[in-house]
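Asker: Here you go, one structure.
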């Protein structure tokens with residue numbers, strides 16, 4: 001999944017993530033030293049739901065950001081598993 005790859009790269013190269021709901025999906029912006037490093041649109045429903053639960057008011061920073069960065073593998077497995085179960089059902 002391209003969105004998961006971009007999420008991983010963004011988490012590795014930034015300090016804060018800002019999430020914003022829009023009509024096409026969830027806009028994900030990665031910020032480092034006050035500058036936006038990467039910005040992309042998440043259209044996958046499972047990934048969108050998982051990311052929505054990570055921050056407060058769409059902002060993931062500090063301990064929450066570090067927790068997401070360190071547990072990225074689990075997030076990825078969870079999203080992939082839910083997508084597979086949805087396809088099999």
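Asker: Using only Cα atoms, find the angle between the long axis of helix 2-12 and the longest principal axis of the chain, and express it within 0 to 90 degrees, rounded to the nearest 10.
Answerer: 30
Asker: Tilt of helix 72-88 relative to the longest C-alpha principal axis of the chain, in degrees (0 to 90, nearest 10)?
Answerer: Orientation of helix 72-88: about 30 degrees from the principal axis.
Asker: Separate question: Over the chain, what is the relative contact order in percent, taking alpha-carbon pairs closer than 8 angstrom and at least six residues apart? Could the numbers behind the result be given before it?
Answerer: Values: 104 pairs, mean separation 22.5, N = 89.
Relative CO of the chain lands at 25 percent.
Asker: Could you tell me which of rounded, prolate or oblate describes the stretch 44-89, using a ≥ b ≥ c as the square roots of the eigenvalues of the alpha-carbon gyration tensor, with rounded for a/c under 1.5 and, failing that, prolate when a/b is larger than b/c and oblate otherwise?
Answerer: oblate
Asker: Still on this structure, I have one more. Just order 77-87, 8-18 by mean Cβ neighbour count inside 10 Å, highest at the front, would you?
Answerer: Details: 77-87: 12.6, 8-18: 16.9.
Going by the mean number of other Cβ atoms within 10 Å, highest first, we get 8-18, 77-87.
Bear in mind that the values in this text are calculations on the coordinates, not laboratory data. This one's a predicted model, so the numbers in the text were calculated from it and none came from an experiment. Ideal geometry is used to build each Cβ from the backbone, glycine not excepted, and the neighbour counts take in all protein chains shown.
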